[in-house]
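First the structure, in the form of structure tokens, and then the observations on it.
No lab work stands behind these numbers, since they all come straight from the coordinates. Keep in mind it's a predicted model, so treat the numbers as computed, not measured. Heads up, the Cβs are rebuilt from the backbone with ideal geometry, glycines too, and the neighbour counts pull from every protein chain shown.
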Amino acid sequence: MATATEQARFDIRLSKEQKLFFERAAVLGDYRNLTDFIVQSVQEKAKEIVREREQVLASERDCKLFFDAITHPQAPNEALREAAAKYKSQFSQ
């Protein structure tokens, strides 16, 4: 299992124009260097993508659970039957 202090290398080829543009953005954004700018930018975008996808998955899962509960309801348990009886006795008078 990898630890938080382990490092990995990531190499990328950019056009000269892209590199100059990214370096300009790094300077304007007050980053220490191009690497910091790229790593932070990619990290933020990755978090956004993962968060959105997890939200969609959770929403799909919730939707399935909801419709399964509606289409295949379970029989009420004893506590629910007692609560329903208590409710009926209080509001049927």
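With 17 Å as the cut-off, how large is the P(r) tail for the chain, expressed as percent of Cα-Cα pairs? It works out to 75 percent of all Cα pairs.
When the chain is treated as a Gaussian network with alpha carbon springs shorter than 10 Å, the biggest mean-square fluctuation among R51, R13, R61 belongs to R13. In terms of surrounding Cβ atoms within a 10 Å radius of their Cβ, V39, V50 rank from fewest to most as V50, V39. Other residues within the sphere of radius under 14 Å centred on the Cβ of G29, judged by their own Cβ, net out at -2 (K and R +1, D and E -1). With θ taken as phi - 60° and the Karplus curve 6.51 cos²θ - 1.76 cosθ + 1.60 applied, the whole-hertz 3J(HN,Hα) list for the range 66-79 is 4, 6, 5, 5, 6, 7, 9, x, 7, 5, x, 7, 4, 4 Hz, x standing for glycine and proline.
In a DSSP loop and with at most 14 other Cβ atoms within 10 Å, there are no GluC sites (Glu not before Pro) in the range 14-57. Within the listed set D62, D36, D11, the residue fluctuating most in the Gaussian network model of the chain (springs between alpha-carbon atoms under 10 angstrom) is D11.
Taking Cα atoms only, the orientation of helix 16-28 departs from the longest principal axis of the chain by about 70 degrees. Result for the chain in a Gaussian network model with C-alpha springs under 10 Å: among S41, S59, S15, the largest mean-square fluctuation is at S15.
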